[in-house]
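K.L.:
The structure under discussion is supplied below as structure tokens; questions concerning it will follow.
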Amino acid sequence: MKTIRFSVTGLCLALLAVSCSNLNTRMDLDDGQFYAYDFTTSSYYTINTVLLAQNSVCQVYADVQAGISASTGENIAATFKNAIYNQITESFGSPIGINGNNQIILLLLDIRDGYSRTAGGGYIAGYFDPDDLFQNHAYSNLGELLYLDVNPGTPGDSEFYSTIAHEFQHLINYSVSLTTRKNGLYFYPQDTWINEGLSTAAEYIYGGSQTSRVSYFNADPMGTIAKGNNFFVWQEDDSVLDEYATAYLFFQWLRIHSSKGTGIYKDIVYSPYYDYQAVTQAAGTQINAEFSSWTALIRQWLLANYVNASSGTLGYNGEIQTRTAAVSAASILLAPGEGVFSGIPAGGSFTPPGTDSSIAYAGITKTGTISGTGAYTGDRLLTFNKNSQAYIHHNGTAEIDTGSYGTGYLTGHGDAARTARSAYSIPFRYPVDPRGLNSQKGIQSGQAIPLPARE
């Protein structure tokens, strides 16, 4: 189950910059100056930078206090052009191009995120700020910027480039929302779980299999994935790594089984839908018509993580091996999209003692035989919340609509603690993503945003 533990503030969007001539027209900024966001104070500040390198697709700037060499900047610019830009735009789409030069600004700085080298923990490896696309926002940089951390991030290492790919997808996704998902005077950014899932897919497009995501899922070090926590209701809390791991697996599952392969990602990005329908429309067309139903789609993916079939949609075609744990409980409260396994004794069956309109069940054997109705049989019972509405309502703080929860029944048979999770140690430091400042500024799933007027 999930609780929401972050506060949000109001959002004020101004006019979309569609014809600004260059970055030097920004209000109150000198050449080489940029606004950046301080996540510890929820406020903007100004940094002085130096241009390290540029080419046809990017400019690389660095905070003068960061001490980044010109050669490092040149390597970053070349890698972005040769190994990231084309691969990401071909898979997800094109940025909006508000400056007319098609150059993405890569801004290297020590992101003010409260990270401590002695305490460790999560740090913001990079972010994209949607306000930079709007002309009259007080702190807009009037450009397509990616902010990239240099403390403890290391410019030029594999994690750094993976972050660029991840954040570049966010920039593209938001750009497409401005032009594609419009309804009168409003536009709709895609739901966070879709946007983040696509960005984990961008990591794969750039760097191949993200084994750390799979290892985290299999280890489930906090024990919260086994209890249902996953990507569908995204939140910024201590279990955010659950969301990343499960989102990565779900979007890899889509790629593996899609008739278009990675082409499914662009179809989702350019979908007229901002919510789960963007995914079910693509999955129903490219994988199997039954997956036009969210219930069928989420059930199949949840079951796939138990069965691990070497072929077919009850696995990852041998590319990925996952493991799940059965939970010892009689019932559990589940948020939308969450699913929990419990054990069915050999030769036995299970009939839920009650009903909930949000909850569905399936029995499953390790060989992939599904028991979908009546007294459920198999090796495991899957109990899951089939609700497709995961809206987050906020009045100063964010909450999940309690009507989207459901209480599901379990068999009471779980795995022994020693077999439930494999050995895993959470890294001393690990990157997280602030979702392009959306949670800071109050943009939540299912929220329409006024479409800025053009000057």
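The values are calculated or read from the model by the stated rules, or taken from the named source; none is laboratory data. Nothing here was measured: the structure is a model prediction, and the numbers come from that model. Don't worry about glycine lacking a Cβ; one is built from the backbone with ideal geometry, like all the others, and counts go over all protein chains shown.
K.L.:
Among the residues of the range 192-231, count how many are in contact (Cβ under 8 Å) with a residue 40 or more places away in the chain, of a type in the set (Gly, Ala, Ser) and not in a loop (DSSP other than H, G, I, E, B).
P.N.:
Counting residues in the range 192-231 that are in contact (Cβ under 8 Å) with a residue 40 or more places away in the chain, of a type in the set (Gly, Ala, Ser) and not in a loop (DSSP other than H, G, I, E, B) gives 7.
K.L.:
Among the residues of the range 237-254, count how many are farther than 24 Å from TYR409 by Cα and buried (at least 20 other Cβ atoms within 10 Å of the Cβ).
P.N.:
Number satisfying all stated conditions: 11.
K.L.:
Could you look through the range 150-170, keep only residues that are under 19 Å from GLU90 (Cα atoms) and more than 13 Å from the chain's Cα centre (by Cα), and pick out the one that is surrounded by the fewest Cβ atoms within 10 Å (Cβ to Cβ)? Show your work before the answer.
P.N.:
Here is the first cut: in the range 150-170, the residues under 19 Å from GLU90 (Cα atoms) are 161-170.
Still in the running and more than 13 Å from the chain's Cα centre (by Cα): 161-162, 164.
Details: TYR161: 20, SER162: 22, ILE164: 26.
Only one residue tops the list, namely TYR161.
K.L.:
While we're on this one: Could you tell me which numbered condition PRO189 fails, if it satisfies all but one of (1) assigned to a loop (DSSP other than H, G, I, E, B); (2) surrounded by fewer than 23 Cβ atoms within 10 Å (Cβ to Cβ)?
P.N.:
For PRO189, the exception is condition (2).
K.L.:
From the list TYR139, TYR161, exactly one residue is within 25 Å of GLN65 (Cα to Cα), in the same structural domain as SER91 (by TED's automatic domain parsing) and either basic (Lys, Arg) or not in a helix (DSSP H, G or I) (or both). Which is it?
P.N.:
On the way: TYR161 fails: either basic (Lys, Arg) or not in a helix (DSSP H, G or I) (or both).
Being within 25 Å of GLN65 (Cα to Cα), in the same structural domain as SER91 (by TED's automatic domain parsing) and either basic (Lys, Arg) or not in a helix (DSSP H, G or I) (or both) holds for just one of TYR139, TYR161, which is TYR139.
K.L.:
Please go through the range 52-91 and pick out each residue that is in a loop (DSSP other than H, G, I, E, B) and surrounded by 15 or more Cβ atoms within 10 Å (Cβ to Cβ).
P.N.:
Matches in the range 52-91: ASN55, VAL57, ALA66, ILE68.
K.L.:
Could you please find all residues in the range 291-314 being under 21 Å from ILE264 (Cα atoms), in contact (Cβ under 8 Å) with a residue 12 or more places away in the chain, part of a loop (DSSP other than H, G, I, E, B) and among the small types (Gly, Ala, Ser)?
P.N.:
The answer is SER293, GLY312.
K.L.:
Still on this structure: Return yes or no: is ALA70 closer than 22 Å to PHE128 by Cβ, small (Gly, Ala, Ser) and modelled with pLDDT of 95 or more?
P.N.:
Details: closer than 22 Å to PHE128 by Cβ: no; small (Gly, Ala, Ser): yes; modelled with pLDDT of 95 or more: yes.
For ALA70, the condition - closer than 22 Å to PHE128 by Cβ, small (Gly, Ala, Ser) and modelled with pLDDT of 95 or more - is not met.
K.L.:
Counting just the residues of the range 232-271 that are outside any loop (DSSP other than H, G, I, E, B) and among the aromatic types (Phe, Trp, Tyr), which one comes out nearest to HIS170 (Cα to Cα)?
P.N.:
TYR265
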